1. Looking at this structure, is Ser29 over 23 Å from Thr104 (Cβ atoms), at pLDDT 70 or above and polar (S, T, N, Q)?
2. Do the conditions hold for Ala112, that is, is it modelled with pLDDT of 80 or more, within 17 Å of the chain's Cα centre (by Cα) and small (Gly, Ala, Ser)?
Amino acid sequence: TAELPIKHVFRLHGIPDEILSDRGPQFLSKVWEFAVSLGANVSLSSGYHPQTNGQCERLNQESEAMLRCVCSSSPTSWSTQLPWIEYAHNTHFSSATDLPTTITVPQFIRRARRTWIQTRAALLCTVKRN
């Protein structure tokens, strides 16, 4: 439903100007109508032509490869590893901008800094205990 994009995308990044869909039936109904009602231009990629949505396809390939690496010894742990893979992707420097996504998306910086401070504090406590 349209609730998921609001909760996970629009509230953090704003309403997009354009949305490119791969013709997935999940997207072609209510979310499409909702996006159009917000003024977003919705386009469909060519069927059986994944190159049309190359950025997304490339991200999927990279995410798959990283998941394979980190989950090789424990394949069922992929859901716990996925947030770390997303973090690794978002902090990786882009060749297009020469900046990581975390710098180009300001809201992320505050959250990442707070997370880093909490993680660092937890690690220091662990070191002191051992």
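The values are calculated or read from the model by the stated rules, or taken from the named source; none is laboratory data. Please read these numbers as outputs of a predicted model, since none were measured by experiment. Positions of Cβ are backbone-derived with ideal geometry, glycine not excepted, and every protein chain shown enters the neighbour counts.
1. Values: over 23 Å from Thr104 (Cβ atoms): yes; at pLDDT 70 or above: no; polar (S, T, N, Q): yes.
Judged against the criteria, Ser29 is not a match.
2. So Ala112 does not fit the description; no.
One line per residue, one yes/no per condition, for (1) modelled with pLDDT of 90 or more; (2) of a type in the set (Phe, Trp, Tyr); (3) over 14 Å from the mean Cα position of the chain (by Cα); (4) closer than 19 Å to His8 by Cβ:
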site	(1), (2), (3), (4)
Ser37	no, no, yes, yes
Gln51	no, no, yes, no
Cys56	no, no, no, yes
Ser95	no, no, yes, no
